[in-house]
Amino acid sequence: YNTTGESNYKSLAFSLSANSKAVVLSDAIEESGAKEFGQIPDSLLILERRIKEEIESSFEKLEYAKEDSSLVSEINSKIFRLNKSYDKLIRDYEVNFPVYYDLKYKSPEVNFEEIQNKFIDSASALIEFFISDSIAFIFVITQSDFHIEKIAIPNLNQLVRKLRNSLQNLEFEEYLHSGYELYRLLIQPYSDLLKNRNRIYLIPDGILSYVPFEALLSTKAENI
């Protein structure tokens, strides 16, 4: 989109982000139906769950191994192997258990025009986040606008942890700092689009799922 200015690329970017989340939601909703009608052996379901748990565990270990380059390399190699095993298992589902595959893994289609027309009125807005290792893409949909914000997030994990710890431990000064810094990072760049909106739909991603957005502070506290 930055290269061509063609709006269809903005729409495609949102669809890719939204569909990735829709797959996760569909996975949860359709799990029981997929098992019931897909005639899938329990042994394969157990294998699938084990691989997913090992991938999740490996990513957690990676978070704490950043200072050890050899350990990071070892964990990344394990994640690569696990992902290959998982992809192979899903391809097996597609070939040998097509009913199960369609129920659980066939991606629903999501596009911003449909959301804009059906769910967004003049008093509402939708904000969707897509988080990578160092960059966040933020999609903002109002009744008349569709905006994409790209921001660097080098300290996002640290800020989220500080905010949650400050709320849990009643650390007032830290809350005032991290609550404002997260607002400045995640909301302020497009805050003009949110004026006069009394209903905002938030679709977080990654670590942002742990952020209580209603606790963010839109102004910086002075003279604490």
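The values are calculated or read from the model by the stated rules, or taken from the named source; none is laboratory data. This structure is a prediction, so every number in the text was calculated from the model and none was measured. All Cβ positions, glycine included, derive from the backbone under ideal geometry; neighbour counts span all protein chains shown. These area figures cover heavy atoms from the full protein model, side chains too; ligands, DNA and RNA do not enter into them. Shrake-Rupley method; radii C 1.70, N 1.55, O 1.52, S 1.80 Å.
At-a-glance table
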{"quantity": "Leu185 vs. criteria surrounded by 15 or more Cβ atoms within 10 Å (Cβ to Cβ) and under 21 Å from Ser17 (Cα atoms)", "calculated": "yes"}
{"quantity": "Criterion violated by Glu173 - all others in (1) within 23 Å of the chain's Cα centre (by Cα); (2) farther than 20 Å from Phe139 by Cβ; (3) surrounded by fewer than 17 Cβ atoms within 10 Å (Cβ to Cβ) satisfied", "calculated": "(1)"}
{"quantity": "Residue within segment 51-74 that is among the aromatic types (Phe, Trp, Tyr), touching a strand residue (DSSP E or B) at 6+ places or on another chain (Cβ under 9 Å), open to solvent by 60 Å² or more (accessible area, probe 1.4 Å) and modelled with pLDDT under 90 present", "calculated": "no"}
{"quantity": "The one condition in (1) under 20 Å from Ser122 (Cα atoms); (2) loosely packed, with under 12 Cβ neighbours inside 10 Å that Asp145 fails to fulfil", "calculated": "(2)"}
{"quantity": "From the options Lys88, Lys78, residue that is in a helix (DSSP H, G or I), out of contact with any Cys (no Cβ under 7 Å at 6 or more places or on another chain) and surrounded by 12 or more Cβ atoms within 10 Å (Cβ to Cβ)", "calculated": "Lys78"}
{"quantity": "Among the candidates Ser11, Ser43, residue that is in a helix (DSSP H, G or I), open to solvent by less than 30 Å² (accessible area, probe 1.4 Å), out of contact with any Gly (no Cβ under 8 Å at 6 or more places or on another chain) and at pLDDT 80 or above", "calculated": "Ser11"}
{"quantity": "Residue selected from segment 91-120 under the condition within 27 Å of Ile141 (Cα to Cα) and either of a type in the set (A, V, I, L, M, F, W, C) or modelled with pLDDT of 90 or more (or both), by the criterion surrounded by the fewest Cβ atoms within 10 Å (Cβ to Cβ)", "calculated": "Phe119"}
